[in-house]
Amino acid sequence: MADPPVFEMPEFMPGTVWLVGAGPGDPGLLTLLAHHALCHADVIVYDALVNAEILKWAHADATLIYAGKRGGRPSASQPDISNRLITLAKAGLRVLRLKGGDPFVFGRGGEEALSLSQNGICYRIVPGISAGIGGLAYAGIPVTYRSMNSSVTFVTGHDSDGNVPAGLDWQAISRGSPVIVIYMALRQLAAISRHLMEAGRSGDEAVALVSKATMPEQRVLLTTLARAASAAQEAGLQPPTMMVAGPVARLHESLNWLKMESAGNS
C-alpha cells in the first residue's frame, strides 16, 4: 500500500488566535486543521459543547480555559471572552479558541474575529462540521432530498438569555422552505412549535428531535409539530437538542444507519 500523502500544515504562530470548530461531538468529525491546532496550541479556550474527549489531543503543556457559553445559563460574557483572547495573544501565546460545531454558525465566531481584527491580532478561521448538517446526518436525516425539498432554513432556538430570539419573522420562516432546522430547540420547544403553527405550519407536520447528536447518547424522537413539546418531555430528552420540521424528518425511519451498523456488529 502506498504511503499516504503528506500535507504541509500552516504554522501556528505565537501571538495569533485560531478560531476552530470542534464539530458536533464525535471526535472523528474533527478536521485535520483542528487536530493540528490542538497539538500545537499553548492555551485552549473552549466552550461547553466541546466533547471532553477532543481536549485529550491537546499538547501536554497546554493550558485549558473553560469559557462556558450555554444560552440562559450563567457563563462568561462575550466581551470578556474576546478580551481574554486578545490578552493571551498579546502575551505571545498560540491561542486556540475551540467552539462546538462551526464557529460561524450560531457560534458568535464572527464577533470574536471582529474583536481580534480591531485589535490588530492575526487569526485563522478553521470551519467545523455544523450540528445542523452533521448531527442530522448521524440521525439519518438529510437536510435536502430531491423529491421533498430544494431549500432549508436554519434558525437558532434561543438568544443569550435563553428566550426565543425577538424579531424572527415566523411567517417568512414558515413559508420560506419545506424544511426548518432549529438549533438548541429544547428549552423553547413549546413556543417554537406554537409560532410555526400560528404561521401556517400544520400541527400534523413531521418533526424529528435529535438529542446529543453524534454522541454515544444520541437519541432521535419522531413526532409531530403539535406534540413536539409534550413528546420531548415524556421522553426525557436532554440538551443539546435540535429540531427538524418537514418531510425529511420521516426519512430517519429508513436511513437510521447507526441502528443498522449496531445490529450488524452485534
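The values are calculated or read from the model by the stated rules, or taken from the named source; none is laboratory data. Only a predicted model underlies this, so the values are computations on that prediction, with no experimental measurement involved. Glycine also receives a Cβ, built like all others from the backbone with ideal geometry; neighbour counts cover every protein chain displayed.
Couple of notes before you dig in:
- When residues in segment 169-201 are screened for being hydroxyl-bearing (Ser, Thr, Tyr) and out of contact with any Ser or Thr (no Cβ under 8 Å at 6 or more places or on another chain), 2 of them pass.
Conditions tested, residue by residue: (1) surrounded by fewer than 18 Cβ atoms within 10 Å (Cβ to Cβ); (2) touching a residue at least 12 places away in the same chain (Cβ under 8 Å); (3) among the β-branched types (Val, Ile, Thr).
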site	(1), (2), (3)
GLY167	yes, no, no
GLN171	yes, yes, no
ILE182	no, yes, yes
LEU189	no, yes, no
SER193	no, yes, no
LEU196	no, yes, no
ALA206	no, yes, no
ALA213	no, yes, no
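- Boolean, VAL152 is within 21 Å of PRO24 (Cβ to Cβ), touching a Ser or Thr at 6+ places or on another chain (Cβ under 9 Å) and in the same structural domain as MET242 (by TED's automatic domain parsing): yes
- Residue match in segment 2-10 (condition: small (Gly, Ala, Ser) and at pLDDT below 95): yes
- Checked across segment 123-134, the condition of being at pLDDT 95 or above, buried (at least 20 other Cβ atoms within 10 Å of the Cβ) and more than 30 Å from MET260 (Cβ to Cβ) holds for at least one residue.
- Residue ID - modelled with the highest pLDDT, chosen from residues in segment 106-122 that are out of contact with any Gly (no Cβ under 7 Å at 6 or more places or on another chain) and closer than 21 Å to ILE54 by Cα: GLY109
- Filtering ILE86, ILE121 for residues that are part of a helix (DSSP H, G or I) and in the same structural domain as LEU33 (by TED's automatic domain parsing) leaves a single hit, ILE86.
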